[in-house]
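Colleague: Before we start, here is the structure in question, set down as structure tokens.
The values are calculated or read from the model by the stated rules, or taken from the named source; none is laboratory data. Treat the numbers as computed from the prediction; the structure is a model and nothing was measured. Reconstructed Cβ throughout: ideal geometry from the backbone, glycine too, with neighbour counts over all protein chains shown.
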Amino acid sequence: MPSITICSSVAFYKQVIEARNQLEAMGYEVIVPEVAKRMEAANDYVVEHFKPWFADPNDYPKKGEFMRGHFEEVAKGDATFVMNYQKNGVDNYIGGNVLMEMGLAFYLKKPMFILNEAPTESAFLEEILGLGCTILHGKLEDIAKTLPV
């Protein structure tokens with residue numbers, strides 16, 4: 001069974017959990033960020049509740065721990081799936097952390113999928129497009145066309 005690691009802004013973690021459930025129903029093993037699991041367990045998707053470094057800059061090392069942990073998950077997965085929606089007025093947002101995860105997946109030659117169109121307002125559009133991702137145009141089920149179960 002192929003495994004898919006989901007990457008997204010923490011603002012989209014409720015949708016990440018929903019996508020995980022849909023992908024598992026399709027027959028995939030799905031890896032989601034640790035914080036998404038914590039949010040699901042607490043039934044609390046308020047971003048600020050899971051970013052202690054906002055209140056105390058001394059907690060930034062925790063951000064690094066989360067990043068390193070999810071890099072390991074990207075390395076474990078057979079493919080990487082980026083979920084991108086509107087955030088802060090930017091359509092199809094892909095932030096710095098997700099871009100780094102995409103760079104790792106690219107380096108490791110993992111197939112990559114982006115749920116929605118590439119973010120045309122991103123300063124990194126050229127890099128995102130250069131990674132050779134399959135854009136799903138909002139159709140999650142189309143992953144199966146490239147990554148059969």
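Colleague: From the list M26, M67, M83, which one is at pLDDT below 95 and touching a helix residue (DSSP H, G or I) at 6+ places or on another chain (Cβ under 7 Å)?
Modeller: Answer to the selection: M67.
Colleague: To continue, here is another question. Among the residues of region 40-62, which ones are among the hydrophobic types (A, V, I, L, M, F, W, C) and either part of a loop (DSSP other than H, G, I, E, B) or closer than 17 Å to S8 by Cβ (or both)?
Modeller: Those that are among the hydrophobic types (A, V, I, L, M, F, W, C) and either part of a loop (DSSP other than H, G, I, E, B) or closer than 17 Å to S8 by Cβ (or both): V46, V47, F50, A55.
Colleague: Do you know which of the residues in region 7-27 that are touching a Leu at 6+ places or on another chain (Cβ under 8 Å) and of a type outside the set (S, T, N, Q) is surrounded by the most Cβ atoms within 10 Å (Cβ to Cβ)?
Modeller: Looking at the filtered set, the residue picked out is L23.
Colleague: Identify, by number, the condition in (1) of a type outside the set (A, V, I, L, M, F, W, C); (2) over 14 Å from V10 (Cβ atoms); (3) out of contact with any Pro (no Cβ under 7 Å at 6 or more places or on another chain) that K37 doesn't meet.
Modeller: Evaluating K37 over (1) of a type outside the set (A, V, I, L, M, F, W, C); (2) over 14 Å from V10 (Cβ atoms); (3) out of contact with any Pro (no Cβ under 7 Å at 6 or more places or on another chain) leaves (2) as the failure.
Colleague: Let me ask something else. Could you say which residue among A79, A118 is among the small types (G, A, S), closer than 13 Å to I4 by Cβ and in contact with a Leu (Cβ under 7 Å, 6 or more places away or on another chain)?
Modeller: A79
Colleague: Continuing with this model, one more query. What's the total number of residues in region 63-117 that are touching a Phe, Trp or Tyr at 6+ places or on another chain (Cβ under 8 Å), small (G, A, S) and either assigned to a loop (DSSP other than H, G, I, E, B) or more than 26 Å from V149 (Cβ to Cβ) (or both)?
Modeller: Adding up the residues that qualify gives 0.
Colleague: What is the number of the single condition among (1) farther than 17 Å from L147 by Cα; (2) under 15 Å from the mean Cα position of the chain (by Cα); (3) not in a helix (DSSP H, G or I) that V30 does not meet?
Modeller: (1)
Colleague: Taking the conditions exactly as written (buried (at least 17 other Cβ atoms within 10 Å of the Cβ) and over 17 Å from I4 (Cβ atoms)), does Y45 satisfy them or not?
Modeller: It is true that Y45 is buried (at least 17 other Cβ atoms within 10 Å of the Cβ) and over 17 Å from I4 (Cβ atoms).
Colleague: Return the residue satisfying two criteria in turn: it lies in region 118-129 and is part of a helix (DSSP H, G or I) and in contact (Cβ under 8 Å) with a residue 12 or more places away in the chain, and of such residues it is surrounded by the most Cβ atoms within 10 Å (Cβ to Cβ).
Modeller: I128
Colleague: Which residues, counting only those in region 21-35, are of a type outside the set (A, V, I, L, M) and within 19 Å of F66 (Cα to Cα)?
Modeller: Scanning region 21-35 gives P33, E34.
Colleague: Take the residues of region 48-75 that are surrounded by 13 or more Cβ atoms within 10 Å (Cβ to Cβ) and among the basic types (K, R): which is farthest from L108 (Cα to Cα)?
Modeller: Restricting to residues being surrounded by 13 or more Cβ atoms within 10 Å (Cβ to Cβ) and among the basic types (K, R), the top hit is K51.
Colleague: Could you list, in sequence order, all residues of region 1-59 that are among the basic types (K, R) and more than 14 Å from M83 (Cβ to Cβ)?
Modeller: K37, R38, K51
Colleague: If you scan region 109-149, which residues turn out to be touching a Gly at 6+ places or on another chain (Cβ under 6 Å) and modelled with pLDDT of 95 or more?
Modeller: Passing the criteria: only N116.
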